[in-house]
1. Checking residue A:114 against (1) within 12 Å of chain B (Cβ to nearest Cβ); (2) farther than 30 Å from residue B:296 by Cα; (3) surrounded by 15 or more Cβ atoms within 10 Å (Cβ to Cβ): exactly one of these is not met. Which one?
2. Residues of region A:321-336 being out of contact with any helix residue (DSSP H, G or I) (no Cβ under 6 Å at 6 or more places or on another chain) and either buried (at least 18 other Cβ atoms within 10 Å of the Cβ) or closer than 18 Å to residue A:274 by Cα (or both), which ones?
3. What number of residues in region A:221-257 are within 14 Å of chain B (Cβ to nearest Cβ) and either in contact with a helix residue (DSSP H, G or I) (Cβ under 6 Å, 6 or more places away or on another chain) or touching a residue at least 12 places away in the same chain (Cβ under 8 Å) (or both)?
4. Quick check: is even one residue across region B:14-31 more than 14 Å from chain A (Cβ to nearest Cβ), modelled with pLDDT under 95, in a helix (DSSP H, G or I) and in contact with a strand residue (DSSP E or B) (Cβ under 9 Å, 6 or more places away or on another chain)?
5. Being surrounded by 24 or more Cβ atoms within 10 Å (Cβ to Cβ), away from chain A (no Cβ under 14 Å) and in contact (Cβ under 8 Å) with a residue 40 or more places away in the chain is true for just one of B:318, B:302. Which residue is that?
6. Show me the strands (runs of 3 or more DSSP E) found entirely inside region B:63-167 where at least 2 residues are within 22 Å of the chain's Cα centre (by Cα).
7. Please go through region B:37-53 and give me each residue that is buried (at least 21 other Cβ atoms within 10 Å of the Cβ) and within 14 Å of chain A (Cβ to nearest Cβ), ordered by number.
8. I need the helices (runs of 4 or more DSSP H) fully contained in region A:356-441, keeping only those with at least 2 residues that are closer than 16 Å to residue A:468 by Cβ and out of contact with any helix residue (DSSP H, G or I) (no Cβ under 6 Å at 6 or more places or on another chain).
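The values are calculated or read from the model by the stated rules, or taken from the named source; none is laboratory data. These numbers come from a predicted model, not from an experiment. Virtual Cβ from ideal backbone geometry, glycine too; neighbours counted across all protein chains shown.
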């Protein structure tokens, strides 16, 4: 917080904030900086973001695409935007080729030691058509499964990838997310790879960092034309360990799996958008993203109620200022993020012509933890301006990164990939991967003070971005 | 650890250990003290207790009284005693008046915000006979429910006791277990009290300290003759909070509960006993207790696999010494602890005549955490001897308590109540109440080093008690 105190001192001493940056040095007029500070401090005392997560988790709950909860969530968001004083709110429909009925999932060891296991169907898995029984063949990693030649060597077997995200040690210099990346390879493609080797089904250790007896679901429709569709499920970490301990004894271990899941025809849903209109109109705007859909076993509090709550609250807090900022701010609540960013892809198509109108974007999809580092992803000339804006959130305990390589997180990465300038607000995890995609993703996992810090960071930065006349593409 | 270093220095300097204690001062001959030290240090390097928990949780799993797992557990214990070098092992049957089929449990909010809740039947609850639907009436504590006059005011309603063990602050000087005691009042008697007020069913917030979406079961047959038997269930903490948040909105909240539980006729099971026979025969012995039964949703690792593993290992380690200690050591693995100490009660009846043969007892039923404090419960004259024995476990980081009021823990309290001298090894909780009575009670919750410390404390103290000729009743 040393840097923060320094920044604060600067505000108090100088009539205009200017930061070293050569000819393109950014200048934040004192009234704007003062407004940003007031807004930041006000946001820290404002529990709106938390109340919004409480509201969506209590009144809507799970909201997987194509379910009744999805429909309720869209109605909730439209109502809430208006209630919060947004100037307009609307839906933009899109259709995905497949819906999915989760059904029920059960699993049990049949021999040598009969025990029930906790299992969940991976997203868009086919059902088992009754009990599917087979001996288990363990693969320590997805690469070990890939190393089996294609053919029929796993005929009659159930492939089991026991890779543990919790125990994974990334290579030197590797990202802390490397374990998630490793785990999601098997989660997303395991059923195709195992089927090509003859397996009847695949089970994986849940991709998560916890040791709760709750399984992590995930992944969207991932079958491949011409490859047999086999069921795919995830075991909770304790059950994966139990299965491994049985296998260590060297006797065949027979597993019974029963999923009543079903893939259905096309499903229509929508992105929901709310706008705080700027004093110079709607034709240029900043975008704050989150996803409205969730997996269906928890109530979608950290994934991504926290994003919905913080983004709606940040914009609403800016919208309450006496004087509207220059530019508009749109909160984009995407549908279908969990099944492969389908909502934002539809948005990108529908808005292909007005992409230049989108001045700057960011998304929260990592839970409700505090921001620890701001990374810009803007034109070289505007970096000093963003650095100057950053000084106003430094008092929140946020570091600055010089990388300037942000491309937008989660859904926003699609817009970032299409050339939209982006900011990445890297967050503390608050045990995100203990809970995400499990029944445990519930409101009690939200830490209210952290949510307020998170919201304050976005409100401050996006107020500044909306007020200052900066071309972030330059 | 200051005291420990001091104790160690004493051993190295003096030929015979004598501790101040007046005329009854205890003296531990140097060879015995040295043997105890070697045994303690060996136990710290011996993973047997952990391996036993791994074995029972993997090869047996859940073992609720009257289930197939109960039967497998008894066979496992008899085999394991012999495999571990116990001199004899046997079962002692007993019968309880009721068995119970858990069946399936489900719950959902019907209105105003439809959501599925995570629920578990409390032990020996009757079923709902299909969907039971009623509006929820919340009581913050069991006392608030008790305060409702008997009659029909809760007719058509489902009573909900939302008391939270996690949030409970004990009164000054109160036991840290006070919250558990408060919670178990509603768990054990809520269905009778609610029925007397006309309620159709009762749901309680799980009695536990976690916020996982897993419900804590518990309690045995608790219905009362002449009072209508209503179903009783526990919600996970996040679901209790969700329900409270819905109720706060002031509209009626309608809950649907479906339990297919069923109370059955008498069930016969057994206590399983293993003996390390002392060099002076079997007629006097020390007893190490744990319970073999478990609840049925986890694999019974902390409750009470940790007790089974540490007690069997402590005795086995003593049994491996070249020279058998003077007295015998019996490991008593009780059945039916979870439904009201039924196994030990049967044992106390069956052994009424040989109670004086039981020189000293202790039980592990608080998970696999390290011992932090030793409390004696012996005759006044033998306190100095126990204090002297204690000095040999002080290096494990264990404090001495002067209270001398131990009555035996869990099952052992019945024998302590019948006059048997007891020791209480108070343990660190290792999050015991996060996991107990839930699916989360699995092997991965065991911390191996802590189990070795736990086992070393018992092995050392019970070696000394078996070797030294102390009348703990005096």
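1. (2)
2. So the first thing to find is which residues in region A:321-336 are out of contact with any helix residue (DSSP H, G or I) (no Cβ under 6 Å at 6 or more places or on another chain), and the list is A:321-324, A:328, A:330, A:332.
Of everything in region A:321-336, those that are out of contact with any helix residue (DSSP H, G or I) (no Cβ under 6 Å at 6 or more places or on another chain) and either buried (at least 18 other Cβ atoms within 10 Å of the Cβ) or closer than 18 Å to residue A:274 by Cα (or both) turn out to be A:321, A:324, A:328, A:330, A:332.
3. First pass over region A:221-257, keeping only residues within 14 Å of chain B (Cβ to nearest Cβ): A:235-251, A:253.
Subsequent filtering for residues that are either in contact with a helix residue (DSSP H, G or I) (Cβ under 6 Å, 6 or more places away or on another chain) or touching a residue at least 12 places away in the same chain (Cβ under 8 Å) (or both) retains A:235-247, A:249, A:251, A:253.
The number of residues fulfilling the criteria is 16.
4. Checking region B:14-31: not a single residue is more than 14 Å from chain A (Cβ to nearest Cβ), modelled with pLDDT under 95, in a helix (DSSP H, G or I) and in contact with a strand residue (DSSP E or B) (Cβ under 9 Å, 6 or more places away or on another chain).
5. Details: B:302 fails: away from chain A (no Cβ under 14 Å).
Testing whether each residue is surrounded by 24 or more Cβ atoms within 10 Å (Cβ to Cβ), away from chain A (no Cβ under 14 Å) and in contact (Cβ under 8 Å) with a residue 40 or more places away in the chain leaves just B:318.
6. Working: elements: B:88-96, B:105-111, B:115-117, B:119-121, B:132-139, B:157-161.
Strands (runs of 3 or more DSSP E) meeting the threshold: B:88-96, B:119-121.
7. Matches in region B:37-53: B:50, B:52, B:53.
8. On the way: elements: A:383-390, A:412-417, A:432-435.
Ranges flagged: A:383-390.
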